[in-house]
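Working notes for the structure below.
The values are calculated or read from the model by the stated rules, or taken from the named source; none is laboratory data. Computed from a prediction, not measured in an experiment: that's the story for all the values here. Note that we place each Cβ from the backbone using ideal geometry, even for glycine, and neighbour counts take in every protein chain shown. These area figures cover heavy atoms from the full protein model, side chains too; ligands, DNA and RNA do not enter into them. Shrake-Rupley method; radii C 1.70, N 1.55, O 1.52, S 1.80 Å.
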Amino acid sequence: MMMFYLHRTAGLWGHTRSTSISSIRAQLPYCVHSSCSQYVTCLRCGPPSDSLTAPDMTTLLDSRMGTLQIAENMDRSRTPSPNFLNESCNIAPLTPSQSPRSEHRSVPLSRFVVVVAIDFGTTSSGYAFSFVKDPEVIHMMRKWEGGDPGVAHQKTPTSLLLTPDKAFHSFGYTARDFYHDLDPEEARDWLYFEKFKMKIHSTSDLTMKTELEALNGKKVQALEVFAHALRFFKEHAVHELKEQCPSLHENEGIRWVITVPAIWKQPAKQFMREAAYLAGLVSPEYPEQLLIALEPEAASIYCRKLRLHQLIDLSCKAFFNGYPTDRSVDSSFRQAREQLRRSRHSRTFLVETGMGELWSEMQAGDRYIVADCGGGTVDLTVHQIEQPQGTLKELYKASGGPYGAVGVDLAFEKMLCKIFGEDFIQTFKVKRPAAWVDLMIAFEARKRTAAPQRSNHLNISLPFSFIDFYRRHTRQNVETALRKSSVNFVKWSSQGMLRMSSEAMNELFQPTIQQIVQHIGDLMKKPEVKGIKYLFLVGGFAESPMLQNAVQSAFSEVCRVIIPQDVGLTILKGAVLFGIDPTIVRVRRSPLTYGVGVLNKFVEGKHPKEKLLMKEGKNWCTDIFDKFVSVDQSVALGDIVQRSYCPARLGQRKIIINIYCSSSDDVVYITDPGVRKCGTINLDLPDVDEANGKVLRREIKASMQFGDTEIKVTAMDVKTSKIVRAAIDFLSN
């Protein structure tokens with residue numbers, strides 16, 4: 001037997017899926033029941049009215065958080081053993097089984113005309129699309145207006161500008177440039193957001209009401225900020241699509257895909273979905289129209305399609321078309337950039353109908369790592385090839401951390417604080433926010449040119465307002481501050497520039513790069529990851545020769561280090577391919593342990609006394625954590641955990657079940673350190689079942705699917721075979 005911890009206003013009762021209600025009644029040895037119909041009951045005792053007194057129930061609920069006892073069984077081909085039915089404490093931990101794929105999992109692609117993917121990045125974002133009838137052709141978005149000299153404009157900065165009254169003004173280069181050109185006093189009233197995606201990863205208690213702080217210090221709900229950005233992409237994409245396909249019905253004909261880091265927890269993924277609903281990409285009534293793609297997975301899917309001439313091999317013994325080469329990182333990447341520059345005259349990319357040459361050479365069981373090095377995070381996924389179908393199996397749970405290119409920007413800001421004083425830098429950011437943006441644009445341009453072999457200095461222009469504000473604020477000039485500073489590798493140029501030595505730029509990169517290299521190295525030491533054949537380096541930060549050189553030095557003798565030519569667009573193109581076929585990744589790993597609270601028989605010497613609950617002469621242990629899925633456990637697409645429920649109260653229209661999670665596999669109780677309530681399952685029962693004027697009890701079969709990028713739930717009313725809406729709410733805490 002097991003017991004769910006429930007919301008007080010939503011009791012329910014349950015039974016094993018494979019046994020009839022009548023036969024299970026005699027098998028339940030214990031129940032919790034109440035004179036209040038809002039609380040819980042069991043199948044044996046009937047209506048709550050013939051049970052404990054109200055004061056007794058209140059005491060029990062207050063001390064034990066409110067419980068419901070149900071028997072559970074997975075959707076397996078075998079039937080429960082007699083021991084399982086008779087012994088309430090013998091509940092096996094969840095292990096995935098090959099269950100029939102749930103009906104809501106795969107929506108026929110023929111329903112959609114086009115797949116549109118939005119790569120929502122920390123520093124830059126963009127969209128691409130492919131028509132279902134021509135899936136080998138991926139169309140990139142139109143060239144963005146504005147931009148920086150020497151930087152390809154296939155994406156636009158993830159920068160959002162709201163008016164002083166918090167209305168949408170612009171996004172991307174337009175937002176950044178308009179804000180930059182505002183009068184300093186006027187700029188203080190406008191709300192400018194950049195690199196705000198990191199907030200979703202770093203917030204431990206993410207909710208629908210989480211706020212983001214603009215550069216001027218004013219706050220706006222994060223959901224609105226993300227919705228503004230997604231709405232911008234939707235309007236641009238739909239406008240472009242309708243020019244090519246005037247008959248396109250945007251509410252039905254488009255499947256949308258949004259990319260997120262694989263290391264994001266379920267609340268963050270749900271947050272992006274809620275933002276998409278608010279932005280009008282899709283309706284909550286048709287959630288299958290929107291897919292959440294994991295960024296390193298998308299990159300892996302696209303790399304399957306690449307030919308050898310579209311790859312750069314940084315290994316010590318690299319082979320191109322069968323011939324060995326000793327090309328350096330710089331020369332390899334310069335050639336790739338030139339080829340990419342020529343290809344960007346066209347916004348159309350062709351992909352292989354089958355698998356690319358590199359993948360064709362792979363054998364079943366070959367393993368590789370995809371390291372997605374983006375602006376905010378580094379995301380690592382380990383995949384194994386499954387031949388002949390070419391599907392992918394995740395071997396180890398996604399890992400990574402906040403080691404993206406933003407770390408170099410923060411190191412630059414820290415260096416400025418060391419030279420000019422932290423108090424001044426923070427004041428300057430608030431008083432002259434547009435000038436601060438201008439300074440960071442100048443640094444970004446120089447950061448992209450940094451290379452290990454570079455010996456000459458790098459000049460970074462200081463805005464005049466920075467120089468003037470520093471003089472007013474400190475009564476001394478910038479040159480004096482640099483001369484007095486202990487930062488010896490940064491000098492002052494008479495042309496009004498910070499003159500940084502190559503050693504200075506190297507110091508800014510090293511902390512972030514060392515974390516990336518160490519994380520990849522630690523991953524390779526895992527027993528589950530031994531025998532790695534390839535390391536694919538993707539993401540915007542992977543364009544940096546500094547990072548390429550470090551990864552090449554650390555791992556080129558262990559495995560082949562591969563970089564796609566269009567490395568900054570790999571995730572975006574892969575997300576389109578994922579939207580066309582979401583079943584490419586067949587097996588994933590659970591990032592956390594998920595479960596519910598249960599009651600088991602109390603065992604003297606094993607269970608703590610404070611967990612003891614006595615009822616009708618029997619001793620029970622409360623708060624036991626019973627697992628649905630263990631951390632890093634393999635879960636295949638279509639694997640389903642099924643539970644059956646019945647509402648405790650006649651005519652009840654909603655059931656709420658609390659879910660718990662932990663990063664540890666050896667959890668015993670829901671009160672253990674690190675265990676937290678991570679969400680609730682809401683089951684809506686819109687219709688009341690009646691017969692001969694009486695309201696009947698209903699059986700609800702809930703199917704929970706863990707093998708996708710999101711945890712999904714459907715529920716069926718057994719009597720009517722109706723599908724009841726169900727959703728896991730991870731943002732309610």
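Number of residues in the stretch 178-204 that are more than 20 Å from residue 276 (Cα to Cα) and of a type in the set (D, E, K, R) equals 6.
Does residue 583 satisfy being hydroxyl-bearing (Ser, Thr, Tyr) and closer than 26 Å to residue 700 by Cβ? When the stated conditions are applied, residue 583 does not pass them. Starting from residues that are closer than 22 Å to residue 408 by Cβ and hydroxyl-bearing (Ser, Thr, Tyr), keep the ones in the stretch 471-527 and report whichever is surrounded by the most Cβ atoms within 10 Å (Cβ to Cβ). My answer is 512. Contact map, the stretch 557-572: first residue within 18 Å of residue 130 (Cβ to Cβ), second residue modelled with pLDDT of 90 or more and of a type in the set (Asp, Glu), Cβ cut-off under 6 Å, separation 6 or more or different chains; pairs are 571/119; 571/295; 572/119. A Cβ distance below 6 Å, combined with a sequence gap of six or more or placement on separate chains, defines the contacts here; from the stretch 427-445, residues that are touching a residue at least 40 places away in the same chain (Cβ under 8 Å) and more than 24 Å from residue 457 (Cα to Cα) reach residues that are assigned to a helix (DSSP H, G or I) and not aromatic (Phe, Trp, Tyr) in the pairs 432/184; 432/465; 433/187; 434/180; 434/187.
Could you say whether any residue in the stretch 590-598 is crowded, with 24+ Cβ neighbours inside 10 Å, in contact with a helix residue (DSSP H, G or I) (Cβ under 8 Å, 6 or more places away or on another chain) and among the hydrophobic types (A, V, I, L, M, F, W, C)? No, the stretch 590-598 contains no residue that is crowded, with 24+ Cβ neighbours inside 10 Å, in contact with a helix residue (DSSP H, G or I) (Cβ under 8 Å, 6 or more places away or on another chain) and among the hydrophobic types (A, V, I, L, M, F, W, C). Kindly establish whether residue 655 is surrounded by 14 or more Cβ atoms within 10 Å (Cβ to Cβ) and either of a type in the set (Gly, Ala, Ser) or at pLDDT 75 or above (or both). Answer is no for this residue. Note on the stretch 665-685: among residues that are touching a Ser or Thr at 6+ places or on another chain (Cβ under 9 Å) and hydroxyl-bearing (Ser, Thr, Tyr), the one that is farthest from residue 718 (Cα to Cα) is 669. For residue 583, the conditions (1) open to solvent by 20 Å² or more (accessible area, probe 1.4 Å); (2) under 18 Å from residue 381 (Cβ atoms); (3) assigned to a strand (DSSP E or B) are fulfilled apart from (3).
Beta carbons closer than 7 Å, at least 6 apart along the sequence or on distinct chains, pair a first residue in the stretch 279-300 that is free of Cβ contacts under 8 Å to residues at least 12 places away in the same chain with a second that is of a type in the set (Ser, Thr, Tyr) and open to solvent by 10 Å² or more (accessible area, probe 1.4 Å) for 284/277. Scanning the stretch 282-306 for residues being open to solvent by 30 Å² or more (accessible area, probe 1.4 Å), farther than 12 Å from residue 577 by Cβ and not aromatic (Phe, Trp, Tyr) gives a total of 5. The strands (runs of 3 or more DSSP E) found wholly in the stretch 166-264 and carrying at least 3 residues that are buried (at least 19 other Cβ atoms within 10 Å of the Cβ) and at pLDDT 90 or above occupy 191-194, 254-260. The number of residues in the stretch 349-393 that are modelled with pLDDT of 75 or more, acidic (Asp, Glu) and open to solvent by 10 Å² or more (accessible area, probe 1.4 Å) comes to 2. Residues in the stretch 481-495 that are aliphatic (A, V, I, L, M) and either in contact with a Phe, Trp or Tyr (Cβ under 6 Å, 6 or more places away or on another chain) or more than 13 Å from residue 505 (Cα to Cα) (or both): 481, 482. Of the strands (runs of 3 or more DSSP E) entirely within the stretch 350-467, those holding at least 3 residues that are of a type in the set (Gly, Ala, Ser) and closer than 24 Å to residue 196 by Cβ occupy 391-401.
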